[in-house]
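The values are calculated or read from the model by the stated rules, or taken from the named source; none is laboratory data. Fair warning: this is a prediction, and the values are worked out from it, not measured in the lab. Cβ coordinates were reconstructed from backbone atoms using ideal geometry, including for glycine residues, and neighbour counts include every protein chain displayed.
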Amino acid sequence: MRGKLITLEGIDGSGKSTVAKKLQENPDIRVFDPIFTREPTRGTLTGTAVENAIQSETDQLAELFLFTADHAEHLAKLVKPALENGKNVISDRYSDSRYAYQGVTLKNRFENPLEWVKNLHSGWTVVPDLTFLFDIEPEIAVERCGKRGEQTKFEKIEFLQKVREIFLRLAAAEPDRFVIIDASCSQEVIEKKVVQKVLEFIQKD
Ligand code: ADP
């Protein structure tokens, strides 16, 4: 049987990585031995190119193609083979991050950047079976992150507000795939909810 693909999405500082780590340590989840991964990928040619692009003034369209190349590599080398071998895969960020972030960064390049970026993925990406959206006010998320990145606090909040709106639109369009988590809750509450839902989902048929 094909494995299941679960993704964790949300703006920077929403707590995705914290939850990914908790899931990895959770004994009930470990029984199912899922593969934990992330985008951008780490230690790969494409993932390193993405990291370098993020740190520099790379053109936003070029950046999209680098992210998308990394997604293709991730699918080919890890996600698809794992799912075909019946393994469950849990990814910290995946395609919805591209739709939401590039949906904002490319707003002056295309009339409908979200559709454009989605179309770029169509026909070859693997749509997740379950996606957690860690939803939070950008003000709180930016506070949590401290001094990450180059933007001023105001620019960052304004940008993340737009990214958050697209994430919420994506979730509203596919309510069966998305589970929205109130990421302003305590880590314990969030961990409990996500663990319970993941276990339920992995064990379903
Ligand atoms: P992301 O991976 O979404 O960017 P992180 O998991 O790295 O976010 O979390 C960002 C910061 O917020 C970290 O310092 C983390 O310890 C803290 N954090 C994560 N979840 C919570 C929470 N539920 N409540 C308070 N702080 C949190």
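Odds and ends about this structure:
- Scanning segment 14-27 finds one or more residues that are acidic (Asp, Glu) and free of Cβ contacts under 8 Å to residues at least 60 places away in the same chain.
- Taken across segment 131-139, residues that are in contact with a Pro (Cβ under 7 Å, 6 or more places away or on another chain), within 16 Å of the ligand (Cβ to nearest atom) and modelled with pLDDT of 95 or more do not occur at all.
- Residues in segment 121-133 include at least one that is farther than 22 Å from Thr44 by Cα and among the charged types (D, E, K, R).
- Some residue of segment 116-132 being in contact (Cβ under 8 Å) with a residue 24 or more places away in the chain, in contact with an Asp or Glu (Cβ under 7 Å, 6 or more places away or on another chain) and of a type in the set (D, E, K, R): no
- Residue count for segment 145-189, restricted to those that are outside any helix (DSSP H, G or I), of a type in the set (Val, Ile, Thr) and either away from the ligand (no atom under 16 Å from the Cβ) or in contact with a Gly (Cβ under 6 Å, 6 or more places away or on another chain) (or both): 1
- Any hit, segment 131-154, residues being surrounded by 12 or more Cβ atoms within 10 Å (Cβ to Cβ), more than 24 Å from Val194 (Cβ to Cβ) and among the small types (Gly, Ala, Ser): yes
- Inter-residue pairs, beta-carbon under 8 Å, first touching a residue at least 40 places away in the same chain (Cβ under 8 Å) and among the aromatic types (Phe, Trp, Tyr) and in segment 45-58, second surrounded by 19 or more Cβ atoms within 10 Å (Cβ to Cβ) and part of a helix (DSSP H, G or I), 6+ apart: none
- Selection of segment 1-48 for residues being touching a helix residue (DSSP H, G or I) at 6+ places or on another chain (Cβ under 9 Å) and among the basic types (Lys, Arg) yields Arg2, Lys4, Lys22, Arg30, Arg38, Arg42.
- Conditions (1) over 21 Å from Lys16 (Cα atoms); (2) of a type outside the set (Ser, Thr, Tyr); (3) at pLDDT below 95: number failed by Ile54: (1)
- Cβ-Cβ under 9 Å pairs, at least 6 apart or on other chains, segment 175-197 side of a type in the set (Lys, Arg), far side near the ligand (Cβ under 9 Å from one of its atoms): Lys193/Cys185
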